[in-house]
Amino acid sequence: MKIFDNMKKTIFYIFTAALCLLTACEKEPTMAEKLVGDWHCTAASTDAEIYVTFRAENTFTLYQQIGEGAFRVYNGSYRLGAISDGSTYVLSGEYNDGTAWGTSYELKSEDTNCFTLTGEGITETYDRVESGIPAEVIASSVTVVKSEGEDWKPFL
């Protein structure tokens with residue numbers, strides 16, 4: 001019986017050590033993985049309400065409201081590239097009508113819940129929206145097919 005008890009203890013210790021090793025080796029998500037999700041612009045260089053969804057297949061949906069009007073919805077694709085320092089990235093894209101974003105952005109993020117975009121005199125801070133884009137934003141949105149020729153332009 002004593003041999004059996006020692007064997008159980010040994011198996012328990014091996015199992016515990018293996019479990020510790022597996023949890024210690026958890027991989028840090030890449031910037032592309034961190035970017036996927038719903039975001040709300042909490043600091044921008046203009047007075048607008050902005051939400052954006054980035055998807056893993058490199059597509060996005062931008063919701064923006066300037067003033068009292070309805071939210072405008074813009075769809076398109078994006079590209080994310082690393083700068084050589086490994087902590088700064090370049091985010092660029094185009095709308096579904098083929099129009100490029102107004103600028104490429106330098107993207108910096110300290111964690112998975114916030115990032116900052118900087119480009120040509122523009123600095124915007126986005127916070128993750130765990131609960132998703134608010135239903136009232138989606139319900140009151142007007143989809144824009146062409147991103148040029150309007151009185152105002154999309155923010156990206």
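For the reader, a short list of remarks on this structure follows.
- Test: residue 80 is at pLDDT 95 or above and in contact with a helix residue (DSSP H, G or I) (Cβ under 6 Å, 6 or more places away or on another chain): yes
- Any strands (runs of 3 or more DSSP E) falling wholly within the range 1-73 and containing at least 3 residues that are in contact with a helix residue (DSSP H, G or I) (Cβ under 9 Å, 6 or more places away or on another chain), closer than 30 Å to residue 122 by Cβ and at pLDDT 60 or above: 48-54
- Look at (1) exposed (fewer than 15 other Cβ atoms within 10 Å of the Cβ); (2) modelled with pLDDT under 95; (3) part of a strand (DSSP E or B) and you find that residue 109 fails only one, number (1).
- Test: residue 56 is loosely packed, with under 13 Cβ neighbours inside 10 Å and closer than 14 Å to residue 32 by Cβ: yes
- From the options 103, 116, residue that is modelled with pLDDT of 90 or more, hydroxyl-bearing (Ser, Thr, Tyr), within 13 Å of the chain's Cα centre (by Cα) and within 22 Å of residue 49 (Cβ to Cβ): 116
- Where a residue in the range 123-147 is over 16 Å from residue 49 (Cβ atoms) and its partner, wherever it lies, is outside any strand (DSSP E or B), with Cβ under 6 Å and at least six apart: 128/113; 146/97; 147/97; 147/99; 147/154
The values are calculated or read from the model by the stated rules, or taken from the named source; none is laboratory data. Remember, it's a predicted structure, so these values are computed and weren't measured experimentally. In this analysis, Cβ positions are derived from the backbone assuming ideal geometry, glycine residues included, and neighbour counts consider all displayed protein chains.
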